[in-house]
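Undergrad: Questions regarding the structure given below will be posed in turn.
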Amino acid sequence: MRFRFFPDRLIYSFAIQLVVMHLKKNQLMMLYWVILFGFITQSFSKRFGIPYLFLDPEYLGKVDVVSFFIVGIACGVFIMAFNISSYILNSFRFPFLASLSKTFQKYTFNNFIIPSVFVLIYIIEIVQFQYFSQFKSPLEIGINILGFLAGIFLVVGFTLRYFLLTNKDIYKLFGVEHADAVSADEKELLAKRKRSRNRKKKSGDTKVWRVETYLVMPFNTRLVRNTDHYKQYMLQSVFKQNHINAAVMELIVFSVFILLGLFREYKSFQIPAAASVMLLFTMFMMLSGVFRFWLRSWANTAIIVTFILLNYVSQFEFFNQRNKAFGLDYKQPRREYSIESLAASIDSTQIRTDHQETVSILEKWKQNWALKGVDKPKMVIINVSGGGLRSSLFTFRTMMALDSVLNGQLMNHTRLISGSSGGTIGASYYRGLYLDERPALMSAVATTAPDYLDAISRDLLNTTAFSFMVSDAFLNMQSFEDGNNSYYKDRAYAFENQLNENLGNVLNHRLGYYRKPELDAEIPMMIISPTILNDGRALMISPVGISYMLQNPITASGTLDPVPDAIEYTRFFGANNPLNTQFTSVLRMNATFPYIMPSASLPTQPPVEVMDAGIRDNFGILNSVRFLFEFREWIKNNTGGVVFIQIRDTNKKSRLQNTSLSTILQKLTAPVRNVTGNFILMQDYMQDDYLKYMQAWLECEFDFVQFQLPQMDEKIALSWHLTEKEKQFLKYAVFTPENKESLKRAGTLLNYSRRNQEIASGNQ
C-alpha cells in the first residue's frame, strides 16, 4: 500500500512541484540562475574571463577566506531573494502553506533543490579551479570553502530569524490551530484530499497546485491537509505579511548598492565583482517580482513600455553619460567631423614639417650610435598584438628576454613601437621603466624580474567589473576634476586607476610627458591607433607630429582619389589640449574591447567614439609599414637594415576554423560566427601582403623575427585576469623551441651572437 503511493508522494512532493512551478511560471527568475550556472561552470563569457570573478574572487588585492565569505554573503542574499520573490508570486497556488506554522521557513526548506544544486556545483568548480589553476593547497581551499558556506548560512539564518519574528502564523492571527499540528489517520486524509481535488477540477479551479507531501526539518515528510475549511481572507492575510518583508530586503540591497557606489574609492568598499553581480541580480529579480505581482497580466507590457521609454531618454546626455578621454578639454566648441573637415586637416606644409621633425629624431638616434662607434646601426621596429592581460605579460616578458640577448640595447635599437590592446600596455610599461627606472630595469633584465612580471600580470578585471555593477549599470552621478575639466567615475576610470596602482604609477603621465624623450631619441616613438567606431578610421595618437602617417590625398596622382582613412589626434583636437590627455586613457582607448570597456567619446559634431585598435589592425603592422615607407630613403642611406619584430599572442599557423555544420543553430549562426572567428586570420592575410610588397620597395636589408604565444591545453581567456597557471605558462612561453630560435636569430642579426647563445640555452 505504501509502495503504491510512493510515486505520487515523490512526484507531487512540495519540493519537486516547486521546481516544476519555477520552470513553468517563473522563467525570468530561472534566467538569473541559468546565467549564474553558466558563469560558475565557465560555460558563459569564458572568453572574457567573467567566470574568474566567481571562481577566484578578489578583495583588497587578495583571494582568501574573506573574499569567499563576502561572495557567500551575496550568494545567500540572492538565494533568499529567490525564495521571497517566488513565495510572494506563487504562494497562492499552495494554500495549505498558510495553515502551517513557520510558513516561510517551510517554504524555504522545500525550495532547496535549485539553490542546493547551485551551491554544490559552485563548490566543486571552486575546488577544481583553485587546485588546478591557482595551485592552492587543499587546506587553503577548504578554509575558503568554509568561508563561502559561512557567508551563505549567516544570511539564510538571519533572514529566516527575521521572518520568524516579524511574521504571524494563522494561529497568532486568528486563533486557528495549525494544520501540521493536527494528527489524523493517513487513509482518511488521502480520501479527503482526493475529494477536494475532484471538486476543484469540476469547478475549473486551476490555480491550486497539486501537492501530496512537504518536507519538515530535519528531513521528515508530512501529508498535505485540506484547507477548504479555512476562510480565504485568513490564508491571504498570512501571505500578505511577506510583502513588507520583501520591500525591506529590497531596500537593504538597494541601499548597499548606493553605499558601494558612493564609497567605491575606498578599497574596503570594493567587494569582489562576483558579489556585486549577485547583488545586482538580486535587485533585478525582486523588482521584476514586484512588477509581476502588482501588474499581473500587464507585467510584460509594462516591461516593454519601460524599455522603450528608457531607450528614448537615453538619447539625452543626462541619461547617456558618454565616457571621455581623461585630460582632454571637452569645454571647447566641438570640432566638425566630416569628409571635408578631414581633408582640410591634412596640410602639405605640416606633413613636410612633421617629416623633417622625425628625420631629426632619426639623426639623433644615429648620432647616439656613432658615439658607440657604429656608423650604420640596425633599426628595430616592434609590433605587438592585442589580447588582454595575456598579451601584456607575454609582450613584456618577450621584450625582457630580447633585451637580455641584446645586452640591454633593445630600446636603443628600436625606433617605433606599434600595436593594439594588451600588447601595447606591456610594451608601454617596458618603455616607461626604461625611461624612468632604467638602472633598476637593466638590473632586472639579467634575472626573471619577478616584481615587474607580477605587476604587469595583476588583475584588472575585478575592479572594472565591480565599477560597472555599482555605477555604470545605473545612472552614474559621481565625477572627478582634472584641472578645469570634469569626468564621470565609470569603469574606465576604475580601470586606469587600477592599472596605475598595479604598475607603480610608471604610466601615470600625460601624453605630452613623452614628447621630449621621443624628440631626443631617448626612447622609441610609439604610435597608438584606436579605431573610430563610427566609420572605421584610425585615430593616430603620438606626442610628436605624425601627419605623414595619414592617407594623403594631396600626394595622390592620376585618377586615384583616396579617402582620408585616419585623423591625427593632436592636430585635429589641437584646441582641446590633447597633450594633456592621460597616457593611461590613450592606452585604454587602444584596448577598449566591446562591452568590457566603454567606448570613449571625442569632442566632435556629430559625436564619434573610439574602440580597440584590433578592430582595424590587431598587430600594428600597417602603422609600421607606413612609417618605413615614409622614411625609406633615410633608412636606406643611414642604417644597416631593418629588423622587424612581431610579438603576437596567437599562433599564426594554428588558426583553422571548423567548417562542419551539424545543427540548425550552427547553420543559422555560421555567417556571423565565421566572419568574427576569422577576423584575425583575415588581418594576417592582408598584413602578409603588406610585408611582401614592402620588401620590394624597401631598398635595404630587411629581416622578420616573430615571437608567438604557444597554445595551452586550455585556451587563455581574452581577459584582464590571469590564473596562476596561466601566469607561469606566459612567463616561460618565450622559451619554446621556436621562440628560442627567434631570440637567437635576433641576437645574430643585431650582432650580439655570444650573449645570444647564452640566452637561447633557456637558462634565463
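The values are calculated or read from the model by the stated rules, or taken from the named source; none is laboratory data. Source: prediction; values computed, not measured. Here Cβ is always computed from backbone atoms with ideal geometry, including for glycine, and neighbour counts include all displayed protein chains.
Undergrad: Out of the residues in region 123-145 that are within 19 Å of G49 (Cβ to Cβ), part of a helix (DSSP H, G or I) and touching a residue at least 24 places away in the same chain (Cβ under 8 Å), state the one that is farthest from the chain's Cα centre (by Cα).
TA: Among those that are within 19 Å of G49 (Cβ to Cβ), part of a helix (DSSP H, G or I) and touching a residue at least 24 places away in the same chain (Cβ under 8 Å), it is F132.
Undergrad: Among the residues of region 22-65 satisfying the criterion of being outside any helix (DSSP H, G or I) and of a type in the set (A, V, I, L, M), which is surrounded by the fewest Cβ atoms within 10 Å (Cβ to Cβ)? Before the answer, list the steps.
TA: So in region 22-65, the residues outside any helix (DSSP H, G or I) come out as 26, 41-45, 49, 56-64.
Adding the requirement that they be of a type in the set (A, V, I, L, M) leaves 60, 63.
On the way: L60: 12, V63: 21.
So the residue we want is L60.
Undergrad: Please verify whether N763 is at pLDDT 85 or above, exposed (fewer than 15 other Cβ atoms within 10 Å of the Cβ) and outside any helix (DSSP H, G or I), treating the condition exactly as stated. Full working, then the answer.
TA: Details: at pLDDT 85 or above: no; exposed (fewer than 15 other Cβ atoms within 10 Å of the Cβ): yes; outside any helix (DSSP H, G or I): yes.
Here the answer is no, as N763 does not meet what is asked.
Undergrad: Here is a further query. What number of residues within region 688-703 are in a strand (DSSP E or B) and exposed (fewer than 15 other Cβ atoms within 10 Å of the Cβ)? Can you show your working first?
TA: Just the residues of region 688-703 that are in a strand (DSSP E or B), to begin with: 702-703.
Going one step further and asking which of them are exposed (fewer than 15 other Cβ atoms within 10 Å of the Cβ), we end up with none.
Looking only at that region, the number is 0.
Undergrad: Mind listing whichever residues of region 539-559 are of a type outside the set (A, V, I, L, M) and at pLDDT 90 or above?
TA: Initial filter on region 539-559 (of a type outside the set (A, V, I, L, M)): 542-543, 545, 547-548, 551-553, 555, 557-559.
Within region 539-559, S542, P543, G545, S547, Y548 meet the criteria.
Undergrad: If you don't mind, there's one more thing I want to ask. Which of the numbered conditions does V643 fail, given that it passes all the others? Conditions: (1) part of a helix (DSSP H, G or I); (2) closer than 16 Å to L416 by Cα; (3) among the β-branched types (V, I, T).
TA: (1) is the only condition that V643 fails.
Undergrad: Could you tell me which of the residues S348, S314, S288 is modelled with pLDDT under 90, out of contact with any Lys or Arg (no Cβ under 8 Å at 6 or more places or on another chain), within 30 Å of I88 (Cβ to Cβ) and of a type in the set (S, T, N, Q)? Before the answer, list the steps.
TA: On the way: S348 fails: within 30 Å of I88 (Cβ to Cβ); S314 fails: within 30 Å of I88 (Cβ to Cβ).
It is S288.
Undergrad: Is there a residue in region 110-120 that is part of a helix (DSSP H, G or I) and within 28 Å of K727 (Cα to Cα)?
TA: Step one: filter region 110-120 for residues part of a helix (DSSP H, G or I), giving 110, 113-120.
The next check asks that each one be within 28 Å of K727 (Cα to Cα); those that pass are none.
No; the residues of region 110-120 include none that is part of a helix (DSSP H, G or I) and within 28 Å of K727 (Cα to Cα).
Undergrad: Based on this model, can you work out whether E501 counts as part of a helix (DSSP H, G or I), within 20 Å of S624 (Cβ to Cβ) and outside the structural domain of S585 (by TED's automatic domain parsing)? Outline the logic, then answer.
TA: Numbers: part of a helix (DSSP H, G or I): yes; within 20 Å of S624 (Cβ to Cβ): no; outside the structural domain of S585 (by TED's automatic domain parsing): yes.
Judged against the criteria, E501 is not a match.
Undergrad: Please verify whether N462 is surrounded by 15 or more Cβ atoms within 10 Å (Cβ to Cβ) and not assigned by TED's automatic domain parsing to the domain that holds A444, treating the condition exactly as stated.
TA: Working: surrounded by 15 or more Cβ atoms within 10 Å (Cβ to Cβ): yes; not assigned by TED's automatic domain parsing to the domain that holds A444: yes.
So N462 fits the description; yes.
Undergrad: Name the single residue, out of those in region 339-397 being under 30 Å from D459 (Cα atoms) and of a type in the set (K, R), that is surrounded by the most Cβ atoms within 10 Å (Cβ to Cβ).
TA: Among residues in region 339-397 that are under 30 Å from D459 (Cα atoms) and of a type in the set (K, R), the one surrounded by the most Cβ atoms within 10 Å (Cβ to Cβ) is R390.
Undergrad: Of the residues that sit in region 639-650 and are modelled with pLDDT of 95 or more and touching a Leu at 6+ places or on another chain (Cβ under 7 Å), which one is farthest from I546 (Cα to Cα)?
TA: Residue satisfying both the conditions and the ranking: V643.
Undergrad: Checking the structure you have, find out if any residue of region 378-385 is in the same structural domain as D649 (by TED's automatic domain parsing) and not in a strand (DSSP E or B). Full working, then the answer.
TA: Our first condition is that a residue be in the same structural domain as D649 (by TED's automatic domain parsing); within region 378-385, this holds for 378-385.
Right, trim to not in a strand (DSSP E or B) and you get 378, 385.
Within region 378-385, one or more residues are in the same structural domain as D649 (by TED's automatic domain parsing) and not in a strand (DSSP E or B).
Undergrad: Looking only at residues that are modelled with pLDDT under 75 and buried (at least 16 other Cβ atoms within 10 Å of the Cβ) in region 215-230, which one is farthest from T108 (Cα to Cα)?
TA: Among those that are modelled with pLDDT under 75 and buried (at least 16 other Cβ atoms within 10 Å of the Cβ), it is Y230.
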